[in-house]
Amino acid sequence: MKHAPGLTLLASAALLLGVASSAVSARGSDTKPKQEVQYPNATRVAPKLDLTSAKDQKALNDGLDAVAAGDQAKAEQLLQPIIDGSKSKYAQALALQGLASIKYNANDYKGAISLLQRSLALGVMPNDTYFQLEYMLAQFQMADEQYQAALDTLAKWRAEGKKETADSYALEGNADYRLGKYPEAIAAINKAKSLTDKPQASWDQILMASYSESGQDDKAAALAQQQVSASPNDPTALNNAAAVLMQAHKYPEAIQLLEKARASGAFKTEANYVSLAKLYLITGQDSSDPAPNAVKAGQVLQDGMSKGVVKPSAETYILQGQSAEMANNTSAAVDAYNKAVPLAKDGEAALRAGRLLLSENKYSQAKGLIQQAIDKGVKEKGAAYMLLAETERGLKNKPAAISAMKKAAQQPETAAKAKAWLQKAGAD
């Protein structure tokens, strides 16, 4: 399944919506004011409760209090004997749910799911408790990336409990998205939004990504811009909006959005500056005169570096070099690439600098950088050897040029050109 590039939400494995981590209380409702029934239209017939032992009830309540307090050892000490030996299936069910919460909080999702399924299978809880735990099961399954299982549980919960909530449709939309069911995800999230006047921002991230993945770039872009308008100082909303606008090839709109944010002081991360610089470069490449946009790209990066937000790195200096190169400022480009060389893990920066120096007939300097690039490792080794051969030719060192070109001839991507050169030079 594809993910829309750049969307912050999609880096996470599972977006859970209000997972209940505390256990359901077992304290007798007959001594408390009657609470509002949460599932008044449920088709399930509520069973008669069988918890009659005061000792079991005290142990159960103490155990569930320990769950709520995060005291795993005490919770297990109190709840496991109830599961193993209580005559009350209701007590066993709630004890199982309590230990399921403990497992969940320890990131043992499979263990939590197993215990919660055992709890539900006993079938002895009142409807409000039963359906609360069934919904919790769907959330646990989402955490374990059992997306279809979560959808099946939600469908059963909704069919039997006869309840529709914004959160449940948001959870459904999330599961649909994870399964690549984008039309279904869109429908579910829109349904969730229709059921509340306080939709969560994360819902729109799922909706935006689903629009993007299903080719509805205009809708994704419009939603992205709405998010930024609603939260102009939210870096996540800003990054998501820029990513979606870029995917929709709405580069001028993306630049306008980001420049407005930069002017207002909303640029807080390196990614903000880098995204804007790349947008200027992309736009420049598509124009008849790339230089003006390339100059702006360099200015954006310099602005970020002067503020300490954009950190010195191989990637940053290479981007600076590309900006300067596109702006026809060769000396600035070489300088930026040279700054990247000691920081880079491979030889690409050195190769870029060497190629530019070669274009200015600075053969000796170019040779050193190109050889360094080859030694450090480059993606296109054949092209690098051909450049090395050209430096040697410029230095009037024909044997070394032939030697480099023979190495280029061993690389599939440059074999034909290199062999033709060697033949012409009488060295084949």
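Any read-out appearing in this document is the output of simple, stated calculations on the displayed coordinates, not a laboratory observation. Please read all numbers here as calculations on a predicted model, not as lab measurements. Cβ placement follows ideal geometry from the backbone for every residue including glycine, while neighbour counts extend to all protein chains displayed.
Projecting the Cα positions of LEU238, GLN299, LEU179 onto the charge dipole of segment 163-302 (unit charges on Cβ atoms of Lys, Arg, Asp and Glu, taken about the Cα centre) puts GLN299 furthest along the positive direction. Summary of the geometry: segment 271-329 and segment 188-267, compared by the centres of their Cα atoms, lie 24 Å apart. Between ALA222 and GLN410, the simple label model (points 7 Å from Cα in the Cβ direction) yields a spacing of 5.9 nm. Per residue, the average separation of C-alpha pairs within less than 8 Å and at least 6 apart gives the chain a relative contact order of 9 percent. Given the choices (i) 29, 28, 23; (ii) 32, 27, 19; (iii) 63, 25, 19, semi-axes √(5λ) of the Cα gyration tensor in Å derived from the coordinates of this structure is entry (iii). Applying 0.36 nm per residue to the separation of LYS74 and ASP167 and subtracting their alpha-carbon distance, the gain on full extension is 30.3 nm.
Taking the Cα centroid of segment 44-95 and of segment 353-372, what is the distance between the two, rounded to the nearest whole Å? Using only Cα atoms to place each centre, the spacing works out to 76 Å. Close amide H pairs (under 5 Å, H built 1.01 Å from N) link ASP50 with TYR90, residues at least 5 positions away or on another chain. Across segment 362-428, Cα pairs under 8 Å and at least six residues apart give a relative contact order of 27 percent. On full extension, the segment bounded by SER364 and LYS87 gains 90.8 nm, given 0.36 nm per residue less the C-alpha separation.
Per-peptide packing, taken as the mean over residues of other Cβ atoms within 10 Å, places 87-98, 106-117, 42-53 in the sequence 87-98, 106-117, 42-53 from highest down. This ranking places GLU413, GLU134, GLU184 by how few other beta-carbon atoms lie within 10 Å of each, fewest first, which gives GLU413, GLU184, GLU134. Counting beta carbons within 10 Å around each of ASP346, ASP289 and listing the fewest first gives the order ASP289, ASP346. Calculated FRET efficiency, ARG118 to SER231, Cβ-Cβ distance, R0 = 41 Å: about 0.45 to the nearest 0.05.
Between ASP108 and VAL45, the modelled labels are 3.7 nm apart [label points 7 Å from Cα along Cα→Cβ]. Taking 0.36 nm per residue of separation and subtracting the current Cα-Cα distance, fully stretching the chain between ASP289 and LYS191 would add 30.6 nm. In angstrom, the C-alpha Rg and Dmax of segment 362-428 are 11.0, 31.
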